[in-house]
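Contents: one structure, followed by commentary.
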There are 2 protein chains.
Amino acid sequence: MRLSRYFLPILKENPREAEIVSHRLMLRAGMIRQQGQGSFSWLPLGKRVLDKVCQIIREEQNRAGALEILMPTIQSADLWRESGRYNDYGKEMLRIKDRQDRDMLYGPTNEEMVTEIFRAYVKSYKDLPLNLYHIQWKFRDEVRPRFGVMRSREFLMKDAYSFDLDFEGARSAYNRMFVSYLRTFTRMGLQAIPMRADTGPIGGDLSHEFIILADTGESQVFCHRDYLSLAVPGANTDFANDGEIADIVKTWTTPYAATDEMHDEAAWEKVPESDKVSARGIEVGHIFHFGEKYSKPMGAKVTGPDGKDHFASGGSYGIGPSRLVAAIIEASHDENGIIWPDAVAPFDIGLINMKVGDADCDRVSEELNAAFTAAGKDVLYDDTDQRPGGKFATADLIGLPWQVIVGPRGVAAGEVEIKNRRTGERETLPIADAKKRFGVAA
Amino acid sequence: MRLSRYFLPILKENPREAEIVSHRLMLRAGMIRQQGQGSFSWLPLGKRVLDKVCQIIREEQNRAGALEILMPTIQSADLWRESGRYNDYGKEMLRIKDRQDRDMLYGPTNEEMVTEIFRAYVKSYKDLPLNLYHIQWKFRDEVRPRFGVMRSREFLMKDAYSFDLDFEGARSAYNRMFVSYLRTFTRMGLQAIPMRADTGPIGGDLSHEFIILADTGESQVFCHRDYLSLAVPGANTDFANDGEIADIVKTWTTPYAATDEMHDEAAWEKVPESDKVSARGIEVGHIFHFGEKYSKPMGAKVTGPDGKDHFASGGSYGIGPSRLVAAIIEASHDENGIIWPDAVAPFDIGLINMKVGDADCDRVSEELNAAFTAAGKDVLYDDTDQRPGGKFATADLIGLPWQVIVGPRGVAAGEVEIKNRRTGERETLPIADAKKRFGVAA
């Protein structure tokens, strides 16, 4: 992609309304634009990151056996009256009347609707386990939306909902999502730690928040240092093997880990002082077993092998992709801008032509742009007539993993410079070697 | 994908509420579920088709130089007051009040919001041309939603919006979208004919609807037979070449073509009788030049090369992906079910194991499933214990382009049967040849 044909509205100044670094950097890097209170447009650079985040989530949901569907944003109030939540839900629910004065709402979550789908079609334990997920916009009318897309009113959510015959099945479904989440966040370059979360009236211990550590985190968290070096399950993990999956969950729930809310001072005391990690954290995912909470009032039953009807045992599993984009920035930036982990970077390479109009610089830049692109790399080619200083600042700000810098002196010597955004390391290489470095076949 | 682990709720009976064939088949094939008046969930099979349709649209928008963004579904009423449309828009607009009693709305379209984005960042003709598109859910509160996803209240739209310095630029932008649409629909296996549409108070001739011919079409259309054999521009079309693009548009607008609304009897008379095609049509896209309609009231100006301010000249370009899925079915089905064009088929191959539990059938089926999948094919492997008759009916109903049938007699002879869903042709092949047929390396 040529920057001259791209839409990348960089802001020179720090926007005053942005209180946290991710909000500031997303505005400055031209990733988002605020459209109203807690409402944002995703501009081209931001949209690319959001897509990459969603794609990783999708791949890992599919790997764990979940099936993708897509439910509408607008729901009928009657559905929520069935579960009893229409009246219970507070002012965060955006209530709407249509032209025929029917009560509707903008879905803040989808347990009712997915239970309705389940109830309509699934009648036998033979069709279980079932896990349906979707990635859809939601709306929660927060009193005080803030922190950009970290806490907006309209936000994107991946919600998965599992249905099983009994608690044993539901626990296995829960475990699969647990392991899927470990893989999901790791692939995005995040170190997420599962922490026990409140189960409220449901009880039991099947509720975990996945927390990443970041200095700017919203809450205090406590965990054993072991978490920082635990091996994350690989791509060959067998999600059909309940025992293998349960073992992974056990490994990842044994050392101490808790948010402020669930913190247990007595247990914390037992962690050796040198193993204590007390830090700020950001919640990036939440999984929750709720049993028959929706299936019972809504009559979602299946026939078991015993010939009797059983209310489905369920759970829900959320990740907010729009929020995640901000969380990744909170965890990965420096004073010059964003530092994207490779897997979610909007482009792999920022190709900087330092002297547009210089025949040699243009030729080498065009050649590298074509070669990298043909090798499957996403390239943002800065072919604008901005001065080099501005180009470098933009490249650092938008945080692509690699910069390839084509300048007149280097080109005269048959060389280009490569900069690693994360380490800041620079290297001068012959052009052919630079191509090889990024996978161009000789 | 194993059917035993998939969620494909086939309906045996024709749903009474479905008036048109696409609605009937989408319900029967388990693609969608109605959730309210004019509101549908997309179940796994439907979601796959919707994704493929969106991906083709996206690729062709990108090829034509448009840039993808994503605007929120909820908009502030104030934005629409700027253009004057808040009061003009009728009851189709879903009006909402938030908890602080602010007027909001569920976007029925996005001209205002995208103009606001443009106005905020673009100041010079040097940043033009610019075309921003998004694929997002919209809501129009129709009095009588019907025909399933063909005319629902909540529906998915691709909307592109172009911005140029002057009419000449805007016309080139319009032409690029025109050609992009020709390619888009052709890639989906549709023959879409551009037909002059009403330009209302804007005037001029830059408004076209893209219409596909289908017996069940909603409106009467008239066109010259030449359209049925015009060459569609290839993937190497140079969208940067305004002249080349304008020539294609000329070719595709010269023979007579009009919807009932714009029909000109006098011009129609001049078409030779044997070249007249009078048929039913379905609108699948609409492109429209509107000049300064939004830029003027909203003050979206850029500085021209003359140093003066100019209101941007704009156009909008819509395709409804959710509606398109239904339109494709209207154009491509038979009495047994859907017949997917290859490019939008939810799976490439339906692999049917006629005798699950038979060691040889299982072995060959597993082997083919693995081989086809490794060769990059999307396979739906029917490994259920349904009887063969039911499996064949399901395969025909969901309309995958190819069926590969593994039965005990064939397997004993080292053979499988291949069926082309569109032609109905069957062929018995040695297993190795069947693999080769679907791209498996020997």
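A few points about this structure:
- In the range A:88-104, the residues that are free of Cβ contacts under 8 Å to residues at least 40 places away in the same chain form Cβ pairs under 6 Å with partners that are in a loop (DSSP other than H, G, I, E, B), at six or more places apart or across chains, as follows: A:D98/B:D141; A:R99/B:K91; A:R99/B:D141; A:M104/A:D98.
- Being surrounded by fewer than 21 Cβ atoms within 10 Å (Cβ to Cβ), of a type in the set (F, W, Y), at the interface with chain A (Cβ under 8 Å from one of its Cβ atoms) and more than 18 Å from B:A393 (Cβ to Cβ) is a description that applies to B:F7.
- Pairs where the first residue, in the range B:262-289, is without any contact (Cβ under 8 Å) to a residue 12 or more places away in the chain and the second is surrounded by 17 or more Cβ atoms within 10 Å (Cβ to Cβ), C-beta under 7 Å, 6+ apart: B:D264/B:A258; B:A267/B:Y256
- Yes/no for B:G189 being on the phi > 0 side of the Ramachandran plot and free of Cβ contacts under 8 Å to residues at least 12 places away in the same chain: no
- One residue stands out among those in the range A:118-138 that are surrounded by fewer than 22 Cβ atoms within 10 Å (Cβ to Cβ) and part of a helix (DSSP H, G or I): the one that is nearest to the other protein chains (Cβ to nearest Cβ), which is A:Y121.
- With respect to being open to solvent by 50 Å² or more (accessible area, probe 1.4 Å), more than 30 Å from A:R2 (Cα to Cα) and facing chain A (nearest Cβ under 7 Å), B:K97 falls outside the description.
- All of A:G407, A:G389, A:G376 fail the test of being surrounded by 18 or more Cβ atoms within 10 Å (Cβ to Cβ), among the small types (G, A, S) and not assigned by the TED database to the domain that holds A:K52, apart from A:G407.
- Residues being touching a strand residue (DSSP E or B) at 6+ places or on another chain (Cβ under 6 Å) and without any contact (Cβ under 8 Å) to a residue 24 or more places away in the chain - total across the range A:302-335: 2
- Restricting the range B:42-56 to residues that are within 10 Å of another protein chain (Cβ to nearest Cβ) and open to solvent by 40 Å² or more (accessible area, probe 1.4 Å) leaves a set whose member that is nearest to B:I117 (Cα to Cα) is B:D51.
- Test result for A:R183, modelled with pLDDT of 95 or more and under 22 Å from the mean Cα position of the chain (by Cα): yes
- Screening the candidates B:E92, B:E59, B:E13, B:E17 for the property of being among the acidic types (D, E), assigned to a helix (DSSP H, G or I), more than 7 Å from chain A (Cβ to nearest Cβ) and open to solvent by 20 Å² or more (accessible area, probe 1.4 Å) yields one hit, B:E59.
- Selected residue (criterion: farthest from the chain's Cα centre (by Cα)) from residues of the range A:139-157 that are of a type outside the set (S, T, Y) and within 10 Å of another protein chain (Cβ to nearest Cβ): A:V143
- Among the residues of the range A:247-261, those that are open to solvent by 40 Å² or more (accessible area, probe 1.4 Å) and either touching a residue at least 24 places away in the same chain (Cβ under 8 Å) or in a helix (DSSP H, G or I) (or both) comprise A:D247, A:K250, A:T251, A:T253, A:D260, A:E261.
- Exclusive hit being among the β-branched types (V, I, T) and open to solvent by 10 Å² or more (accessible area, probe 1.4 Å), set A:T109, A:T115: A:T109
- Check on B:S83, open to solvent by 10 Å² or more (accessible area, probe 1.4 Å), in contact (Cβ under 8 Å) with a residue 12 or more places away in the chain and facing chain A (nearest Cβ under 10 Å): no
- A count restricted to the range B:155-173 and to residues that are open to solvent by less than 30 Å² (accessible area, probe 1.4 Å) and not in a strand (DSSP E or B) stands at 4.
- In the range B:414-442, of all residues being touching a residue at least 40 places away in the same chain (Cβ under 8 Å) and more than 23 Å from B:W340 (Cα to Cα), the one that is most open to solvent (accessible area, probe 1.4 Å) corresponds to B:A441.
- Scanning the range A:416-434 finds no residues that are assigned to a helix (DSSP H, G or I), over 23 Å from A:S22 (Cα atoms) and basic (K, R).
Conditions (1) assigned to a helix (DSSP H, G or I); (2) open to solvent by less than 10 Å² (accessible area, probe 1.4 Å), marked per residue:
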{"residue": "B:R323", "(1), (2)": "yes, no"}
{"residue": "B:I329", "(1), (2)": "yes, yes"}
{"residue": "B:W340", "(1), (2)": "no, yes"}
{"residue": "B:I352", "(1), (2)": "no, yes"}
{"residue": "B:G357", "(1), (2)": "no, no"}
{"residue": "B:L368", "(1), (2)": "yes, yes"}
{"residue": "B:A371", "(1), (2)": "yes, no"}
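- For A:S295, the requirement of being in the same structural domain as A:N14 (by the TED database), in contact with a helix residue (DSSP H, G or I) (Cβ under 7 Å, 6 or more places away or on another chain) and surrounded by 15 or more Cβ atoms within 10 Å (Cβ to Cβ) is met.
- Qualifying residue in the range B:174-194 (condition: away from chain A (no Cβ under 13 Å), open to solvent by 20 Å² or more (accessible area, probe 1.4 Å) and either under 25 Å from B:G299 (Cα atoms) or among the aromatic types (F, W, Y) (or both)): no
- Taken together, A:A214, A:A160 contain a single residue that is in contact with an Asp or Glu (Cβ under 7 Å, 6 or more places away or on another chain), touching a residue at least 60 places away in the same chain (Cβ under 8 Å) and hydrophobic (A, V, I, L, M, F, W, C), which is A:A214.
- Flag not set for A:G234, criterion: on the phi > 0 side of the Ramachandran plot and either at pLDDT below 95 or part of a loop (DSSP other than H, G, I, E, B) (or both).
- Among the numbered conditions (1) at pLDDT below 95; (2) out of contact with any Phe, Trp or Tyr (no Cβ under 7 Å at 6 or more places or on another chain), the only one that A:N175 does not meet is (1).
- Remark: pairs (first residue in the range A:373-395, part of a loop (DSSP other than H, G, I, E, B); second residue among the hydrophobic types (A, V, I, L, M, F, W, C) and open to solvent by 60 Å² or more (accessible area, probe 1.4 Å); Cβ separation under 8 Å; 6+ apart in sequence or on different chains) = A:A375/A:A441; A:D378/A:M1; A:D383/A:V356; A:T384/A:V356; A:D385/A:V356.
- Which numbered condition A:I211 fails, given (1) buried (at least 24 other Cβ atoms within 10 Å of the Cβ); (2) in a loop (DSSP other than H, G, I, E, B): (2)
The values are calculated or read from the model by the stated rules, or taken from the named source; none is laboratory data. Here the structure is a predicted model, which means the values were calculated and not measured. Every residue, glycine among them, receives a Cβ derived from its backbone with ideal geometry; neighbour counts consider all protein chains shown. Side chains are part of the model used for accessible areas, which takes the heavy atoms of the whole protein and leaves out ligands, DNA and RNA. Shrake-Rupley method; radii C 1.70, N 1.55, O 1.52, S 1.80 Å.
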